[in-house]
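To keep things clear, I will list the structure first and then write my remarks on it.
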Amino acid sequence: MRPAQAPERTERTPSAPPSFRSRALSYLLEGRPKDRAWQVLDLGVPNQNNLDFFARRGANYAIEDLYRTLEPSRKGQGYDVSRMEALDNLLSFGEGTTFDLILAWDVLNFLPREALALISSRLAPHCRPGTELYALITMEAAIPALPGNARILDEETIGLAGWDGERSRPSPHHTAAVLGEAMAPFVVDKTYLLKLQMHEFLVEYRPGQDPVAKGPIKGGRR
Amino acid sequence: MSNRDDDRKPLKAPENRGGGTGRPATIGASIAVRGELVGREDLTIDGTFEGQIAVKGCLVTIGSQGQVEGEIHAKTIAVEGQVKGNLIAEDQVVVRASGKMEGDIQAPRVALDEGCQFKGKIDMEPGVKKNEATGSESAKGGGEKSPGSGASGEKDDGDSKPASSASEPLKSESTEKDSSAQSGSQPPSGQGQIPQHGSGGGNGNRHKRR
């Protein structure tokens, strides 16, 4: 009788971060301006993938690592909202700078509601009617210590590293209603449900309108 | 040294008097300089510099201990330390993992190594003036394409811009008809070339479209 063979030893390779098909990204690409450069603001960590993606599409690309601005040490220790208000350099761009698209990625999950209002007020001078803010909002009860690292992999796919590990902080449970109220005059325009227990939110800058969310909210499992 | 009475006259680098060690000029870690610096050779800043630097056609490296506040004009700029100000490069700007930058970048190619800190705008078409208000674009005189650019006539769903280069050859995305030469994305050998440090841009993810 043959002795039992030990199972083949397989190489342990780091697993690729979870990715998802993004309907919101497809929607944004379809709606990008055709007659001028796309003005994009990325509020995540600097990322070559994202830079190249937008550079190929002729976009003017700006970056502010929002979470690092709020918590420079990036140790997941939280921050004081009153200190945030005192940050002169928070979302400060040149006068006249306006963006068509703001990528908040998963950062809003790490901010309390009061911070959303502050961020909205700082972004408003740099928005034009129709500016879209893209956000990934979790439905989970707990979140990692720090925001993840989102990369656009292609025109339909986004990878999100950092959410496949330990959950160490309670989630603020932002809902569409919370976003709409806290971030007025931004209004929730579209949502898409993801398998990652997250929603993609497109929040549109609509100055002068009622902060209550308007328009159909679409969902679809991805 | 510039004469304060001739502030309107741009400072000119002296003519190349021959010789030279082949090593970059260096502002050492214990040196602090404030003013205007022009030159025709590669420059490394390990100390502190406040002002304007113009070494067109050459490489400027802000070392890991270096701190610069001001504007830098060069062929290639590598940031390993801290920069507060704008960077204008004829070829490429690289922000290394240890780099911290706040300011705007104008360069045909930009590489952001994973872990770097950056706040500002990136303009990879510095030769084209983009008019946001009117939506028109007009080419400035002297705008040049980077060596890595190509297939400018190809368009795929409006994606006509070639890939930028990272500090490692950039692989095209699956949906892109990108025929830009990967090898062409590297700076030419000789003056102005960034030594490769091994850490490339954070574009390791490749995802095939179903």
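Bear in mind these aren't lab numbers, they're just calculated from the coordinates by the rules spelled out. All values derive from a computational prediction rather than experimental measurement. All Cβ positions, even for glycine, are placed from backbone atoms using ideal geometry, and neighbour counts span all protein chains on display.
For chain A, the relative contact order works out to 22 percent when only alpha carbon pairs closer than 8 Å and six or more residues apart are counted. All distinct Cα pairs of chain A go into the 1/r average, and the inverse of that average, the Kirkwood radius, is 18.4 Å.
When shorter helices are ignored and each DSSP H run of at least 4 residues is given -39500 (n - 2.57), the per-residue value for chain A at 222 nm works out to -5500 deg cm²/dmol. Among the lysines of chain A, pairs that are 8 or more positions apart or on different chains and have alpha carbons within less than 26 Å of each other number 6.
Gyration tensor analysis over the Cα atoms of region B:4-123 returns equivalent ellipsoid semi-axes of 22, 15, 15 Å (largest first, whole Å).
If you take the Cα centroid of region A:76-125 and the Cα centroid of region A:190-206, the two points sit 19 Å apart.
In a shell of Cβ-Cβ distance under 13 Å around A:ALA86, excluding A:ALA86 itself, what net charge do Lys and Arg (+1) and Asp and Glu (-1) give?
-1
Close amide-amide hydrogen proximity is noted between B:THR48 and B:ILE31, B:ALA32, B:VAL33, B:GLN67, each under 5 Å apart and 5 or more residues distant or on a separate chain (H modeled in the peptide plane; Pro and chain starts excluded).
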